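Here the structure is laid out as structure tokens; the discussion comes afterwards.
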Amino acid sequence: MSELILHHYPTSPFSEKIRLILGAKKLDWHSVHIPMLMPKPDAIALTGGYRRTPFMQIGADIYCDTALICDVLEHMAPEPALYPESHKGLARVLAQWGDTTLFMAAMAYNFQPKGALSIFPDPEQLKLFGQDRAAMRNNAPRFPAPDATAAYKSYLRRIANMLEAQPYLLGESPCIADYAVYHPLWFSRTRMPIMADILNATPQVLAWMDRMAAIGHGTSVKMTAEEAIEVANAATPQDLGHEAFQDEHGIALGSQVAIAAESFGLEPTTGELVAATRTRYTLRREDERAGTVHVHFPRIGFILKKAEG
């Protein structure tokens, strides 16, 4: 198998989720740092439009969204399990809450003026960041800070309740729920320490965070974006002949389609639909730098349409 390449940047919360899982599964990986803000020409050469962070590359296969990345990593290294048999469904549902509802409350709390200025002391940089993230959410209103603060405090109490009789959210070992719930709190604690006092009221949560941080990121080797693109160009995407086709749209395989997130980061990726399973979509696309690549998306959280024109 080709090397595993994570395209990320150090302060990205969702990247921290994947870095910890790589560490837990003791997988060696290559680290490609990508820009926090657009433009991202090297990333777009691989994804075709998808701009969220992180994404994962194995040869000429590009995996978008951390939910799908986690599934791929679980297949590569089943132990320690992200989805324990005893509570597989519950773990996935709790993880989805962590990645969405909890994350949005935490970020709205973190990026109050005091927090935002601690990361972007340059007003021009802060302005550019605000414009970039507004574009990602299609200029939808932000969660008001007072409401976000109240929600975040409530969520932290609920997380603490889950830790009263066990070291991790659903038992004796961390599962996908722990990684998804951890990363928004990690951002508050380590990337915006000026905002971290909100965590002090829940010492059970702080102790759990210490256990999660101790997992570490495993072993990584730096790689440039250009080198990663060369890896894709030299590789052949995996064979998808065995994938069962599940048609929910009346769109045949071989059609030109566009796939975009249903919320936040709405830039579409277009290409030929070459797989649509019960859990994911795959597009084949051509890029003058990356060559022929397969770009994979989870069904949940993404919208498939016929390409216009």
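Side notes on the structure shown:
- Number of residues in the range 289-309 that are assigned to a loop (DSSP other than H, G, I, E, B) and either closer than 19 Å to residue 242 by Cβ or in contact (Cβ under 8 Å) with a residue 40 or more places away in the chain (or both) equals 7.
This table checks each residue for (1) under 30 Å from residue 27 (Cα atoms); (2) polar (S, T, N, Q); (3) outside any loop (DSSP other than H, G, I, E, B); (4) open to solvent by 80 Å² or more (accessible area, probe 1.4 Å).
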{"site": "240", "(1), (2), (3), (4)": "yes, no, no, no"}
{"site": "260", "(1), (2), (3), (4)": "yes, no, yes, no"}
{"site": "263", "(1), (2), (3), (4)": "no, yes, no, no"}
{"site": "271", "(1), (2), (3), (4)": "no, no, yes, no"}
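- All strands (runs of 3 or more DSSP E) inside the range 1-96 with 1 or more residues being under 18 Å from residue 296 (Cβ atoms), in contact (Cβ under 8 Å) with a residue 12 or more places away in the chain and polar (S, T, N, Q): 55-58
- None of 217, 249, 242 is under 30 Å from residue 140 (Cα atoms) and not hydrophobic (A, V, I, L, M, F, W, C) except 249.
- Pairs meeting the criteria (first residue in the range 149-175 and within 12 Å of residue 201 (Cα to Cα) and in contact (Cβ under 8 Å) with a residue 40 or more places away in the chain, second residue in a loop (DSSP other than H, G, I, E, B) and open to solvent by less than 60 Å² (accessible area, probe 1.4 Å), beta carbons under 6 Å, at least 6 apart or on different chains) are 156/202; 160/202.
- Meets criteria (among the small types (Gly, Ala, Ser), within 19 Å of residue 229 (Cα to Cα) and modelled with pLDDT of 95 or more) for residue 67: no
- Screening residue 230 with (1) buried (at least 17 other Cβ atoms within 10 Å of the Cβ); (2) of a type outside the set (Val, Ile, Thr); (3) more than 22 Å from residue 25 (Cα to Cα) gives one miss only, at (1).
- Restricting the range 273-288 to residues that are of a type in the set (D, E, K, R) and in a strand (DSSP E or B) leaves a set whose member that is most open to solvent (accessible area, probe 1.4 Å) is 286.
- Considering the conditions (1) over 30 Å from residue 156 (Cβ atoms); (2) assigned to a helix (DSSP H, G or I); (3) in contact (Cβ under 8 Å) with a residue 12 or more places away in the chain, residue 195 is excluded by exactly one of them, (1).
- In the range 204-214, the residues that are touching a residue at least 24 places away in the same chain (Cβ under 8 Å) and open to solvent by 50 Å² or more (accessible area, probe 1.4 Å): 204, 211, 213
- Subset of the range 95-114 that is surrounded by 22 or more Cβ atoms within 10 Å (Cβ to Cβ) and not charged (D, E, K, R) - its residue that is farthest from residue 137 (Cα to Cα): 95
- Leading residue by the ranking (farthest from residue 50 (Cα to Cα)) among those in the range 122-139 that are assigned to a loop (DSSP other than H, G, I, E, B) and open to solvent by 100 Å² or more (accessible area, probe 1.4 Å): 139
- Going through (1) at pLDDT below 95; (2) open to solvent by 90 Å² or more (accessible area, probe 1.4 Å); (3) of a type in the set (S, T, N, Q) one by one, residue 118 falls short only on (2).
- Residue ID - most open to solvent (accessible area, probe 1.4 Å), chosen from residues in the range 7-46 that are touching a helix residue (DSSP H, G or I) at 6+ places or on another chain (Cβ under 7 Å) and among the charged types (D, E, K, R): 42
- Taking residues in the range 266-282 that are under 14 Å from residue 241 (Cβ atoms), and partners anywhere that are open to solvent by less than 50 Å² (accessible area, probe 1.4 Å) and in a loop (DSSP other than H, G, I, E, B), the pairs with Cβ atoms closer than 7 Å and at least 6 places apart or on different chains are 274/240; 275/240; 282/240.
- The set of residues in the range 157-192 being of a type in the set (D, E, K, R) and either assigned to a loop (DSSP other than H, G, I, E, B) or touching a helix residue (DSSP H, G or I) at 6+ places or on another chain (Cβ under 9 Å) (or both) consists of 157, 164, 172, 178, 189, 191.
- Scan the range 140-166 for residues that are open to solvent by 30 Å² or more (accessible area, probe 1.4 Å) and within 21 Å of the chain's Cα centre (by Cα) and the total you get is 4.
The values are calculated or read from the model by the stated rules, or taken from the named source; none is laboratory data. Bear in mind that the values here come from a model prediction, so they are computed numbers and not experimental data. Cβ coordinates were reconstructed from backbone atoms using ideal geometry, including for glycine residues, and neighbour counts include every protein chain displayed. We work out accessible area using only protein heavy atoms, side chains counted, and drop any ligands, DNA or RNA first. Shrake-Rupley method; radii C 1.70, N 1.55, O 1.52, S 1.80 Å.
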